[in-house]
Amino acid sequence: MKRNDYISWDEYFMGVAELSSKRSKDPNTQVGACIVNEHKRIVGIGYNGLPHGCSDDTFPWSNNQDDITNTKYPYVVHAEANAILNATQNLLNASIYVTLFPCNECSKLIIQSGIKEIVYVSDKYKETDMHKAALKMLEAAGIKLRKIPYGKLTYEK
């Protein structure tokens, strides 16, 4: 007789996204993403970090400076973008599991890549204008959104 206490597909793929987030060097927000095709195969994984060739030790990680060039924002590649760039196949009709709801820029990439579903845990920026813009685009493009409960994630401190 098989055991019945195994984890669901959602728990499995979000677990991979959470594990990926632990690779992020960002002291404030660690985000992970896992892209899954229609056959429940992982085809891309990513986390938020600096581009290849840019040292984690020489670029800023601050999120609160008067000069934006002294913050992380112009430099960090988001988890969703990294997962899309790391994809091993076409993403048409895939799902992306992400620990934090995608920003408006990542939402554009998700739409353009052919991903049809976003599964997420946190939407801590839901009151911002950028979140509202992301929602507007995702809804217009017919992207399915699913918020799921999931353990204790490390994407926010």
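Structure notes:
- For region 119-144, residues that are farther than 13 Å from THR99 by Cα and either among the hydroxyl-bearing types (Ser, Thr, Tyr) or in contact with a strand residue (DSSP E or B) (Cβ under 7 Å, 6 or more places away or on another chain) (or both) total 4.
- Taken over region 112-136, the criterion of being touching a helix residue (DSSP H, G or I) at 6+ places or on another chain (Cβ under 9 Å), open to solvent by 20 Å² or more (accessible area, probe 1.4 Å) and closer than 16 Å to ILE45 by Cα is satisfied by SER113, TYR120.
- Some residue of region 59-71 being open to solvent by less than 30 Å² (accessible area, probe 1.4 Å) and assigned to a loop (DSSP other than H, G, I, E, B): yes
- Taking region 1-31 as the range and being touching a residue at least 24 places away in the same chain (Cβ under 8 Å), aliphatic (A, V, I, L, M) and in a helix (DSSP H, G or I) as the test, the residues that pass are MET14, VAL16, ALA17.
- When ILE110, ILE96, ILE84, ILE115 are checked against the criterion of being within 20 Å of VAL16 (Cα to Cα), touching a residue at least 60 places away in the same chain (Cβ under 8 Å) and outside any strand (DSSP E or B), a single residue qualifies: ILE115.
- Condition check for GLU127: within 14 Å of SER21 (Cβ to Cβ), at pLDDT below 95 and not basic (Lys, Arg): no
- Per the conditions (1) at pLDDT 95 or above; (2) closer than 24 Å to TYR75 by Cβ; (3) open to solvent by less than 20 Å² (accessible area, probe 1.4 Å), the sole criterion not satisfied by LEU109 is (3).
- Any hit, region 35-48, residues being in contact with a Pro (Cβ under 8 Å, 6 or more places away or on another chain) and surrounded by fewer than 18 Cβ atoms within 10 Å (Cβ to Cβ): no
- Some residue of region 8-30 being over 18 Å from VAL121 (Cα atoms), open to solvent by 20 Å² or more (accessible area, probe 1.4 Å) and of a type in the set (A, V, I, L, M): no
- Just one of (1) surrounded by 12 or more Cβ atoms within 10 Å (Cβ to Cβ); (2) within 19 Å of LYS25 (Cβ to Cβ); (3) among the β-branched types (Val, Ile, Thr); (4) more than 16 Å from the chain's Cα centre (by Cα) fails for VAL76. It is (4).
- Within region 72-81, tally of residues that are under 17 Å from LEU109 (Cβ atoms) and either touching a Pro at 6+ places or on another chain (Cβ under 7 Å) or outside any loop (DSSP other than H, G, I, E, B) (or both): 4
The values are calculated or read from the model by the stated rules, or taken from the named source; none is laboratory data. Since we're looking at a predicted model, the values are computed, not measured. Every residue, glycine among them, receives a Cβ derived from its backbone with ideal geometry; neighbour counts consider all protein chains shown. For accessibility, only protein heavy atoms count, side chains too; no ligands or nucleic acids. Shrake-Rupley method; radii C 1.70, N 1.55, O 1.52, S 1.80 Å.
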